[in-house]
Amino acid sequence: MGGLKMTEKKMSLIDRCKQMDIVDFARNNGMAVVNKGRDYRLEDHDSFVFDRRKQRFYWNSQNISGDIIELAKLFFIDKEIQDPKQQFKAATDFILKNEAKTERVENLHFETEKYKDHPVDYQPLTEKGRNYLKEERKLPEWLIDYAEKEGLITELKPKHERQNFLVRDNRLDHAVAFLWKDPQTKETVGASYQGTFIDYERFGERGTYKHIDKNSTANHGFNLKIGDPKQLKFFESSIDLLSYAALNRDQLNDTWLVSMEGLKHHVISHYFGEAVSELRKKQAFPQSIEICVDNDRAGHIFYEKEQLMGAVDPFTNQKVHCERGIANDWQVPKEYKIIYEEVAKEEKVTPEAIMAIHKTENNLQLTNQLVSAHKVNASFDQQLSVNDSIEAINLKDICREVAKELKGCERVDGTYDFDRFYQEKGDINAQILFSYKAEQYYKGYKNHEHEFVPEVKKDWNDQLKHEIQQQEIRKQKRAILFQQGRQQERE
């Protein structure tokens, strides 16, 4: 009977806490929450989002989410408290101590307003907008001209010339506007803005301000369709989308490039459905879905979830799966090369197998944080709880442990049984996933699809800048060789 009363008391505490608005609670306790379109985000952490309708937060870069109680546990209770019951008590006590001052969920009213385009606030790209795209982002002139001509990009006027202020200060003056077009009606159904002046003090590590326009249509994004939508490619940002287009200009036939403006499953579902509807008239079906996200923890975990999504082409009966299109996924830090090779030589295994396990488990990082939503008894890392600290690992020591285990999984032909390596290290789904990933990376490394680089690039814009830099280096080398040849001829 006492246990029942305790349960009822606990439920009463949960109910009372969940009657508090999570956004108002966060703001009241010093978190800088800003409204960006439909979303509420932390001012300097775009990956930390509040869904006010669902009363939940999502810290996408850390793969952490929860309700108001989990938010309190994460930020507002003593980290020394380890007991779950004590954590719950501390969190609910903290939330309820200012219960009267926090907005109640029942007082919130949500209206779904249709997006209102406001071309009066736009102007053709000026030198400021064009220079940002060309000089800062290294987008080619032909692509900038094409996107502007198609009505996909334009520029916000300065605040004093706009009828809709959007923000209170000048942070969006001369921002590049990426217009979300409906490919059927050509109507603008939303917009995302990229600030063009750099201020690290105001805007943090990114240096510029980003903003999604108010009431931009849900599940849509900036998109570019070339021909029939047979190949679908999804990106985290408009800049990444255009960077990919610049790098792959000759391979974009029958392709639909879409920016999710973050990591959003529903955007993928929406545009896949649109592609299916459009192609059905021609008795065709999408041939591929590629997830072209950033090469970081959040990007890999997002792809891990999306790769389970798929469909069957009714005309060919072939399966269409989500494919990995992660930016710079085959880059490996140059400083690791000697460690992989030394350990491999000591333990008589191949360095590519060690690399594959390292890549599979934590994306070649030097911390103990698992890059997966699955729970696995991994070698390089672990599934950290909210209160666990991220710590540095000793790469050489762990590589040695992995190599010893790989030796026991070596086949007669010199390849490795990754099913055996991950056997009983997690549930069956995790074992299959990790084994498959390791096998794919191992084959790629053996086929020399990777490159050792001083610094692994994160996104498609980084890759574009890297490629331009390499082109310039090759150009300079050719010029030097040409000059040397001329000199020898004169001699």
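The values are calculated or read from the model by the stated rules, or taken from the named source; none is laboratory data. Everything numeric in this text was worked out from a predicted model, so none of it was measured. Note that we place each Cβ from the backbone using ideal geometry, even for glycine, and neighbour counts take in every protein chain shown.
Entry remark, region 82-133: residues being at pLDDT 90 or above, of a type in the set (Val, Ile, Thr) and out of contact with any helix residue (DSSP H, G or I) (no Cβ under 8 Å at 6 or more places or on another chain) number 2 in total. Can you say whether Leu370 is surrounded by 16 or more Cβ atoms within 10 Å (Cβ to Cβ), under 21 Å from the mean Cα position of the chain (by Cα) and free of Cβ contacts under 8 Å to residues at least 24 places away in the same chain, as far as the supplied structure shows? Spelling it out, Leu370 is indeed surrounded by 16 or more Cβ atoms within 10 Å (Cβ to Cβ), under 21 Å from the mean Cα position of the chain (by Cα) and free of Cβ contacts under 8 Å to residues at least 24 places away in the same chain.
If I filter region 461-480 for residues that are among the charged types (D, E, K, R), outside any helix (DSSP H, G or I) and over 23 Å from Ile338 (Cβ atoms), do I get at least one hit? There is no residue in region 461-480 that is among the charged types (D, E, K, R), outside any helix (DSSP H, G or I) and over 23 Å from Ile338 (Cβ atoms). Looking across Arg41, Arg52, Arg56, one residue alone is in contact with an Asp or Glu (Cβ under 9 Å, 6 or more places away or on another chain) and crowded, with 17+ Cβ neighbours inside 10 Å. It is Arg52.
Where strands (runs of 3 or more DSSP E) sit wholly within region 25-74, those with at least 1 residues that are β-branched (Val, Ile, Thr) occupy 33-36, 45-51, 64-66.
In region 236-245, the count of residues that are of a type in the set (Asp, Glu) and either outside any helix (DSSP H, G or I) or over 15 Å from Ile289 (Cα atoms) (or both) is one or more. For beta carbons closer than 9 Å, sequence separation of 6+ or different chains, a first residue in region 260-271 that is more than 21 Å from Leu242 (Cβ to Cβ) and a second that is of a type outside the set (S, T, N, Q) and assigned to a helix (DSSP H, G or I), the qualifying pairs are His265/Phe302; His265/Lys305; His265/Glu306.
Does Ile77 count as out of contact with any His (no Cβ under 6 Å at 6 or more places or on another chain), at pLDDT 85 or above, outside any helix (DSSP H, G or I) and among the β-branched types (Val, Ile, Thr)? So Ile77 fits the description; yes.
Within region 71-112, the only residue that satisfies the criterion of being surrounded by 15 or more Cβ atoms within 10 Å (Cβ to Cβ), under 24 Å from Ser372 (Cβ atoms) and not hydrophobic (A, V, I, L, M, F, W, C) is Lys73. Taking the conditions exactly as written (outside the structural domain of Leu257 (by TED's automatic domain parsing), under 30 Å from Asn368 (Cβ atoms), at pLDDT 90 or above and surrounded by 15 or more Cβ atoms within 10 Å (Cβ to Cβ)), does Ile68 satisfy them or not? So Ile68 fits the description; yes.
Check Leu125, Leu133, Leu71, Leu156 and return the single one that is under 25 Å from the mean Cα position of the chain (by Cα) and farther than 30 Å from Gly30 by Cα. Before you say what the answer is, go through the steps one by one.
Details: Leu125 fails: under 25 Å from the mean Cα position of the chain (by Cα); Leu71 fails: farther than 30 Å from Gly30 by Cα; Leu156 fails: under 25 Å from the mean Cα position of the chain (by Cα).
The unique qualifying residue is Leu133.
I'd like the residue in region 297-348 that is out of contact with any Lys or Arg (no Cβ under 9 Å at 6 or more places or on another chain) and of a type in the set (Gly, Ala, Ser) and, out of all such residues, is modelled with the highest pLDDT. Filtering region 297-348 for residues that are out of contact with any Lys or Arg (no Cβ under 9 Å at 6 or more places or on another chain) and of a type in the set (Gly, Ala, Ser), the one modelled with the highest pLDDT comes out as Ala344. Checked against (1) modelled with pLDDT of 90 or more; (2) more than 29 Å from Leu166 (Cα to Cα); (3) not hydroxyl-bearing (Ser, Thr, Tyr), Gln62 passes all but a single condition, namely (1).
For region 397-408, check the following and say yes or no: at least one residue is free of Cβ contacts under 8 Å to residues at least 12 places away in the same chain, assigned by TED's automatic domain parsing to the domain that holds Glu347 and closer than 30 Å to Lys79 by Cβ. Looking for residues that are free of Cβ contacts under 8 Å to residues at least 12 places away in the same chain, assigned by TED's automatic domain parsing to the domain that holds Glu347 and closer than 30 Å to Lys79 by Cβ, one finds at least one in region 397-408, hence yes. Considering Glu347, Glu335, Glu342, Glu352, the condition of being surrounded by fewer than 16 Cβ atoms within 10 Å (Cβ to Cβ) and more than 28 Å from Glu236 (Cβ to Cβ) is satisfied by Glu342 alone. In the list Glu278, Glu236, Glu261, which residue meets the criterion of being at pLDDT 90 or above and closer than 19 Å to Thr154 by Cα? Going through Glu278, Glu236, Glu261 in turn, the sole match is Glu261.
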